[in-house]
Amino acid sequence: MSRCPGDGQGRGSTQTEDSKMSRVLSASLSAVLASGLLASTAAADLLVLKDGNIIELTEVKIEKRSVQPGTSPVPVYVGKNESGKPEVIARKDVYPDGWILGKTSWEKRKENREWYEKESPKVKETFKDQAVFAAKCAHERMSHDLDEEAEKHYKKAYELELPTIAKEDDKQLEIFAKKVRDTYELYDEALLVFRSIIGLRKAALVSKGPTAPGYVALGKLAKDWELWPEAGECFDEALKLDEKSTEAKKQIKELKKDLEVPLNMPLWRALAGPYERGVRYVKSKQEKEGWFGGDFTEAGVHGRRGISGVCTQALFFDYQLQKRKAMDKDKAADLPKELDMAIRFLMKGEDGMGTEGRLEGDDMWGAIFAAEALVMCATDDYVMSKYGDELKEAIHKHIERLKALQRRDGGWYYYNFVGDSSSFSTASTLIILETLKNMGAEKELCDSMVPGAVALIKKMKQGKGTYKYMEMGSGYHASSSPLGASARSPLCEFALHCAEASDPDDFRQAVTNWLNNVHLLKRIKGREGTHIGKGMTAPYYFLYSHMYMARAVKVYPKAQAQRLLRVVAGLMLNYQEPDGAWTDWKLPTDNIHKFRVSQTALGLITLWHLMTGDRDPAILPLRGGGMATNPGTVTESGSGGKKKDDGPKSDPKDPPREPPKDQPKNSPRLGMGPFED
């Protein structure tokens, strides 16, 4: 993945949304446009550019102006951007019928906030009124601007209704818990109620005379409610009563599998087949030396390690799925030869970069994606038993290279003839650094780079949850508008969240901008060229943005995250091609398969983050831990360790021996908390 992800816009692309946009466009101001240079005005407008970008302006009117000095006047749109500064756009650059009357996102946001400030004091202190008002705040017409307020009122409804539920009535408690989980979207609160139900039913079982089948049934219920420690205790009790209980042994085995390779089962069932087809495609493109295509010849920039890094990650995740299947047959899954070859290639470091194409700058993508792939592989006991110190030394060299490539401004960029760093490449690197730390690799070296990276990303902020491509001087740039930057901004916010430096309002706004506009981003999918048009939109970060969105939405509360994950999953299924590949960019070439292996690998990594039930490794260590130990050897990668809050202590999936404690400080700060399934 040695491409330079750029900027753009995005939103969930469904047939309904596409047809809606088509109707809006066809019903827009075609009459005004056809009437010539009318100085008509509107309160607020959207201009749909031919390259797929959307520009939001107020007080738009058509005039004749000289766009360049010494040229004849041409029809232009003139309006004001969010900062109140004038913006001039040539009429020839705008989609036919592409001037749409409407309110800008910042005007809608202001109206929604004003509505909330006016109506919230009127809400009665009853759980029904609080829940109804919360639903209004969460409605789609609020464009996710009041999601945090909705959560606040749902929590109030929960607190008010809880005392009204009989504490010994397990049936009423179950109805209440499901409402709290599914309607209020309060996952942690629901778990507390579910846990109390298991306690009641366990006590009832003991009073009647415990049986092994009774404990197994209760354990299966606890597992369905994602109460992993309680489930394990029930299965253990069943074996104490009947050491030959085949069902108890089966459930313990499945619980172990769920903890070692945890999956989001509904999405895994939907995505496992497409993932397998994509893996077959990637394997078919592997070179005999283990790599998967030159980053220059296949994706446009530098050596071989970037593409090979993302392909290796995709193959490693597939290996984890194969191991999970093998557990059912009580055997080990052999290390696939393709993964073995890929790991060996990445361990060569810069010696494996290759010479094809021209090296136009720094092999930053190669260093970060190779390091991430290797550290994920190092979480596997078998891989570590085979490669051990050699693998750790390779990781160390990749991170040392990243350290050498970090610039004075704290960030990274892949062209060494460009002086400034970019927001998105720095964000990708920061996510890798946090992942490495959580997996126990090079913590001290990574920590030395994190502050500069955080500072650079924050410096690129240009509005609520919106980030510039890179330093572009003063003034307004269309590519840095909330819509123009919607694919770049969630990545930047997610990176800051991983480093515990994100603002909750900015995070939500960045995710919302992507969700609201990915159907527009799809307009440039598959196009030729790089940074296209006024908005500097690049097709080759289309799948790149989906990969990070799949990770960002997991930060939300469980029920809300599940809904958003399904949205991204639906999009990815829609994009996959019959041969299993994903594509988003092409250049003039006779080889129609060029670039597809790197794009397919990005698609596979996206699917993995959608269907895995584990926490994100850039936020907290995986449930199975970090880098696997290799007895009798020195750990080149350092001590690793967890983040300062040591993870979400109220996490029900973390099978602790002691009762869950309060959440760490960083979860309430975002109002989200790490998602797990």
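The values are calculated or read from the model by the stated rules, or taken from the named source; none is laboratory data. Since the structure is predicted, the reported quantities are computational estimates derived from the model, not experimental observations. Virtual Cβ from ideal backbone geometry, glycine too; neighbours counted across all protein chains shown. Quick note on the areas: whole protein, heavy atoms, side chains included, nothing else; ligands and nucleic acids left out. Shrake-Rupley method; radii C 1.70, N 1.55, O 1.52, S 1.80 Å.
Take each peptide in 449-457, 598-606, count the other Cβ atoms within 10 Å of every residue, and average; sorted highest first, the result is 598-606, 449-457.
On a per residue basis, the stretch 187-256 carries 49 Å² of accessible surface, using protein heavy atoms and a 1.4 Å probe. Gyration tensor analysis over the Cα atoms of the stretch 197-251 returns equivalent ellipsoid semi-axes of 16, 14, 7 Å (largest first, whole Å).
How many percent of the accessible area of the stretch 115-162 is carbon or sulfur, using a 1.4 Å probe?
For the stretch 115-162, the apolar C and S fraction of the accessible surface comes to 52 percent.
Amide H to amide H, with H built 1.01 Å from N, Met470 comes under 5 Å of Ser423, counting only residues 5 or more places away or on other chains. Potential lengthening of the chain between Gln172 and Leu200 amounts to 8.8 nm, from the contour at 0.36 nm per residue minus the alpha-carbon distance.
Think of a 1.4 Å ball rolled over the protein heavy atoms: the stretch 89-129 then has 65 Å² of accessible area per residue. For the stretch 334-348, backbone phi angles converted through the Karplus equation (6.51, -1.76, 1.60; θ = phi - 60°) give residue-by-residue couplings of 5, 5, x, 4, 5, 5, 4, 5, 5, 4, 4, 5, 5, 5, 6 Hz, Gly and Pro being listed as x. Extension gain for Lys122-Ser448 works out to 112.3 nm (0.36 nm per residue, less the C-alpha to C-alpha distance). For the stretch 77-173, the C-alpha radius of gyration sits at 1.69 times the compact-globule guess of 2.2 N^0.38 Å, with N the residue count. Checking the cross-link pairs Lys92/Lys464; Lys167/Lys240; Lys464/Lys558 against a 27 Å limit on the alpha carbon distance flags Lys92/Lys464; Lys167/Lys240 as lying beyond it. Close amide H partners of Tyr415, meaning residues 5 or more places away or on another chain with modelled amide H under 5 Å apart, are Asp362. When you count the other C-beta atoms within 10 angstrom of each residue and take the mean per peptide, 89-102, 113-126 line up highest first as 89-102, 113-126. Share of carbon and sulfur in the accessible area of the stretch 189-245 stands at 57%, probe radius 1.4 Å. Of the listed residues Lys110, Lys257, the order by accessible area with a 1.4 Å probe, largest first, is Lys110, Lys257. Checked against a 28 Å cut-off, the cross-linked pairs Lys256/Lys285; Lys256/Lys437; Lys325/Lys554; Lys152/Lys459; Lys122/Lys461 give Cα-Cα distances beyond that limit for Lys256/Lys285; Lys152/Lys459; Lys122/Lys461.
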